[in-house]
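**Student:** The following block contains the structure, expressed as structure tokens.
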Amino acid sequence: MSDTKAPRRTQAQRREESSQAVLDSATRLFGERGYANTSLEDIAADCNLTIRPIYHYFGNKKALFEAVNERMEQRILHSMGAASTSVSLESVVRDSWRGYLNLCDDPAFRQIVLVDGANVLGRERWASSVVSQRALAMLQAERDQSQSDFRSELVSRVLMGAFTEAAVMVAAAEDLESAKVEAEELMVNLSMALLGG
């Protein structure tokens, strides 16, 4: 019989594991229950911690929710990466839309990003997020070069708002697949018209 013990974890490793457990639990609970119906006590109980480490790692409930949103943004960025390899503007828009809608099929993603995100963190935060900046850059790279910088940003923001509102409608539709098809055609046509493609 060997007397091998697992190596002791360092304090930093334990902190990282606890922080990750809080983030995992918060993502799941915010996704299932929504921001308003999830307390820090619920999250602490779910990951077998006291509430104190949550305050230590994240500060407060809103900051924890922001960290959860940042995690969701990474999923959006990943889906955008695939779309950016398309060869035409129409393909970029179509691929971006499909990637975004695939994420919106996840009820937790919808709850966190589409329902609670703007209400809890504010619309301005979304406008300045990494995802928005990357989407704006993609759209502006494809813009009609005769447009002023103001018009270019205005068009980009209108399109991003339209994508978000369309996703909310699709997510709530009874016939999800038909809604996706109809919304895709509308979004591609709108994008092509506004971008001058």
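**Student:** Go through (1) surrounded by 13 or more Cβ atoms within 10 Å (Cβ to Cβ); (2) in a helix (DSSP H, G or I); (3) of a type in the set (D, E, K, R); (4) modelled with pLDDT under 80 for E124 and report which single condition fails.
**Tutor:** (1)
**Student:** Hey, another quick one. Determine, yes or no, whether Q74 is surrounded by fewer than 13 Cβ atoms within 10 Å (Cβ to Cβ), part of a helix (DSSP H, G or I), at pLDDT 85 or above and of a type outside the set (V, I, T).
**Tutor:** Yes.
**Student:** Looking only at residues in the stretch 138-164 that are exposed (fewer than 15 other Cβ atoms within 10 Å of the Cβ) and of a type in the set (S, T, N, Q), which one is modelled with the highest pLDDT?
**Tutor:** Per the criteria, the residue is S148.
**Student:** Filter the stretch 12-26 for residues that are over 14 Å from A63 (Cβ atoms) and either exposed (fewer than 14 other Cβ atoms within 10 Å of the Cβ) or within 20 Å of the chain's Cα centre (by Cα) (or both) and give the result.
**Tutor:** Scanning the stretch 12-26 gives A12, Q13, R14, E16, E17, Q20, A21, D24, S25.
**Student:** Condition first: under 19 Å from the mean Cα position of the chain (by Cα) and more than 18 Å from I112 (Cβ to Cβ). Now tell me which residues in the stretch 170-180 satisfy that.
**Tutor:** Answer for the stretch 170-180, where residues must be under 19 Å from the mean Cα position of the chain (by Cα) and more than 18 Å from I112 (Cβ to Cβ): just K180.
**Student:** Exactly one condition in (1) closer than 30 Å to L186 by Cα; (2) surrounded by 16 or more Cβ atoms within 10 Å (Cβ to Cβ) is not met by D105; state its number.
**Tutor:** For D105, the exception is condition (2).
**Student:** Turning to a different aspect of this structure: Take the stretch 170-197 and flag every residue that is outside any helix (DSSP H, G or I) and within 24 Å of S152 (Cβ to Cβ).
**Tutor:** G196, G197
**Student:** Pick from A167, A135, A118: which is closer than 30 Å to Y35 by Cα, assigned to a helix (DSSP H, G or I) and at pLDDT below 75?
**Tutor:** A135
**Student:** Please indicate, with yes or no, whether at least one residue in the stretch 33-51 is touching a Phe, Trp or Tyr at 6+ places or on another chain (Cβ under 8 Å) and at pLDDT below 95.
**Tutor:** no
**Student:** For residues that are closer than 19 Å to L114 by Cα and either without any contact (Cβ under 8 Å) to a residue 40 or more places away in the chain or open to solvent by 30 Å² or more (accessible area, probe 1.4 Å) (or both), tally how many sit in the stretch 181-197.
**Tutor:** 0
The values are calculated or read from the model by the stated rules, or taken from the named source; none is laboratory data. Please read these numbers as outputs of a predicted model, since none were measured by experiment. Backbone-built Cβ (ideal geometry, glycine too); neighbour counts: all protein chains shown. Ligands, DNA and RNA are stripped out before the accessible areas are found, and what is left, the full protein with its side chains, is counted by its heavy atoms. Shrake-Rupley method; radii C 1.70, N 1.55, O 1.52, S 1.80 Å.
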